[in-house]
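The values are calculated or read from the model by the stated rules, or taken from the named source; none is laboratory data. Keep in mind that this is a model prediction, so the values were computed, not measured. Virtual Cβ from ideal backbone geometry, glycine too; neighbours counted across all protein chains shown.
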Ligand SMILES: [Zn+2]
């Protein structure tokens, strides 16, 4: 029996992250040719071991309420909507781009995946790491909500235009809710890669901040300034929240990979 308090444990979120990722990967694997031939795929993915693959092709996500009604009784995640699209533009993360969203109060987790490389093997490993990072990040926002430890609201949280304004982007990255969500996601990434937190953090900052800011035409000085300030806050938070674990400590994977 899953209790409410279960959802306040890190382990619960790690487990759920793995389960959702596994379902998405399974569904995507089954539909790989379809997606890479230029068809967007919308699907619902959910509980452990069950790779639901109900989808529609015309950009209309299918509600999984019926399938998840039992699941949802003991579980705050009612729906996971996944959209996969083939992508022709630049994708820095080795042929895959993953973005997540969590709509406050909705119990609705959204995952948007862009595939920019038809070679499944080349994409899959990178996809899984980014998928887990992203899902863990969004589940952390859910956790903030259900634990009652909510932070003050953001200003236009995550909107693309904020990336163009250095101060707003820095505000976004260093908002307490985002610090916690990003640190949780990066811990997940570090565990998967079996590397120290600091190494995973630096990789994340490179992929998500330096490359993005460079693409948007920011100066290297501005990018490095944002990275320096963000990095210090994330390291501090990691030390507080995962007390006893040193930033340089090697994570040992204790879970099965999808
Ligand atoms: Zn966030």
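Quick look at the values:
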| quantity | calculated |
| --- | --- |
| Matching residues, region 80-100, being crowded, with 17+ Cβ neighbours inside 10 Å and modelled with pLDDT of 80 or more | 96, 97, 98, 100 |
| Test: residue 73 is outside the structural domain of residue 210 (by TED's automatic domain parsing) and at pLDDT 65 or above | no |
| Index of the failed condition, residue 226 passing every other in (1) within 14 Å of residue 173 (Cα to Cα); (2) without any contact (Cβ under 8 Å) to a residue 60 or more places away in the chain | (2) |
| Unmet criterion (only one of (1) within 24 Å of residue 18 (Cα to Cα); (2) at pLDDT below 90; (3) not in a loop (DSSP other than H, G, I, E, B)) for residue 238 | (2) |
| Selection from region 172-185 of residues that are assigned to a helix (DSSP H, G or I) and in contact with a helix residue (DSSP H, G or I) (Cβ under 8 Å, 6 or more places away or on another chain) | 172, 173, 177, 178, 179, 180, 181, 182, 183, 184, 185 |
| Failed criterion for residue 119 (all others in (1) under 20 Å from residue 37 (Cα atoms); (2) modelled with pLDDT under 85; (3) more than 15 Å from the ligand (Cβ to nearest atom); (4) under 16 Å from the mean Cα position of the chain (by Cα) hold) | (4) |
| Residue in region 186-200 that is closer than 17 Å to residue 228 by Cβ, part of a helix (DSSP H, G or I) and within 15 Å of the ligand (Cβ to nearest atom) present | yes |
| Counted residues, region 201-222 - those being part of a helix (DSSP H, G or I) and within 11 Å of residue 163 (Cβ to Cβ) | 5 |
